[in-house]
Structure formats: structure tokens, C-alpha cells
Amino acid sequence: MENGAVYNETTEPEAKALRRRPPFGCTVRHLPGWRLPAKVVQAIFSFLAVVCEEIVEDCSSCSGLYFFEFISCSAFLLSLLILCMYCTDLYDSLGEDKVKKL
């Protein structure tokens with residue numbers, strides 16, 4: 001019986017080389033140049049705004065202060081979300097089109 005040719009080739013695909021991932025999935029390739037420092041400064045300033053708002057103990061008309069609290073806290077959380085999205089593998093997982101729409 002001449003079936004030797006069947007056993008010469010393997011039916012399993014070649015093992016792919018393991019992709020080296022940066023530690024914790026962090027990368028800065030999506031925020032080149034001045035964009036990364038600008039986003040970090042934005043996060044720091046929005047955090048300082050939250051802290052400054054929390055320092056106020058008494059106010060006569062607090063509606064403006066509550067609005068400022070909402071805006072500064074939202075800005076801080078959104079800037080952290082943007083940093084996490086651009087500096088981790090989440091950017092590659094979602095795809096560039098979905099990130100731009102988001």
C-alpha cells in the first residue's frame with residue numbers, strides 16, 4: 001500500500017510566534033509627540049479642579065458649585081478613559097473606526 005505521502009505533511013497549522021506584549025498592555029504609540037503630555041496635563045488639571053471644589057465648605061448659592069463639581073468630575077473621568085483607551089490594548093481591540101466614533 002502506497003500511503004506514505006499522506007503522512008509526510010502535517011494537518012496542524014504552524015504555531016504562530018508569540019507576540020510580545022508590553023507590560024500591562026501599556027503602549028504610547030497611539031499618542032505620539034505632544035498628545036500624550038497634553039492628555040496627562042488635562043487629567044491632572046481636571047483632578048485639581050475636583051480637589052479644589054471639594055475644599056469649599058460653605059457656599060451661599062451652591063447651584064453653581066454643584067454644576068462645577070459635575071463638570072470637573074466628568075472631565076476627570078473622561079480624560080482617564082481616553083488615556084486608558086489610547087494607552088492600552090483596548091484601542092487595538094475596538095479598532096480605529098470605533099474609537100474615532102466614540
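Since every read-out is calculated from the coordinates, none of them should be taken as a lab result. None of these values were measured; they are calculated from a predicted model. Note: ideal-geometry Cβ built from the backbone for every residue, glycine included; neighbour counts use all protein chains shown.
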Checked pairs for the stretch 59-85, first without any contact (Cβ under 8 Å) to a residue 12 or more places away in the chain and surrounded by 12 or more Cβ atoms within 10 Å (Cβ to Cβ), second part of a helix (DSSP H, G or I) and not aromatic (Phe, Trp, Tyr), C-beta under 7 Å and 6 or more apart or across chains, list as Cys84/Leu90
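Got a number for residues in the stretch 59-102 being touching a Ser or Thr at 6+ places or on another chain (Cβ under 7 Å) and either closer than 15 Å to Thr27 by Cα or not in a helix (DSSP H, G or I) (or both)? It would help to see each step written out before you state the result.
Of the residues in the stretch 59-102, the ones touching a Ser or Thr at 6+ places or on another chain (Cβ under 7 Å) are 72, 75-76, 79, 87.
From what is left, the residues that are either closer than 15 Å to Thr27 by Cα or not in a helix (DSSP H, G or I) (or both) are 87.
Count: 1.
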Of all residues in the stretch 27-58 being surrounded by 15 or more Cβ atoms within 10 Å (Cβ to Cβ), in a helix (DSSP H, G or I) and of a type outside the set (Gly, Ala, Ser), which is farthest from the chain's Cα centre (by Cα)?
Glu53
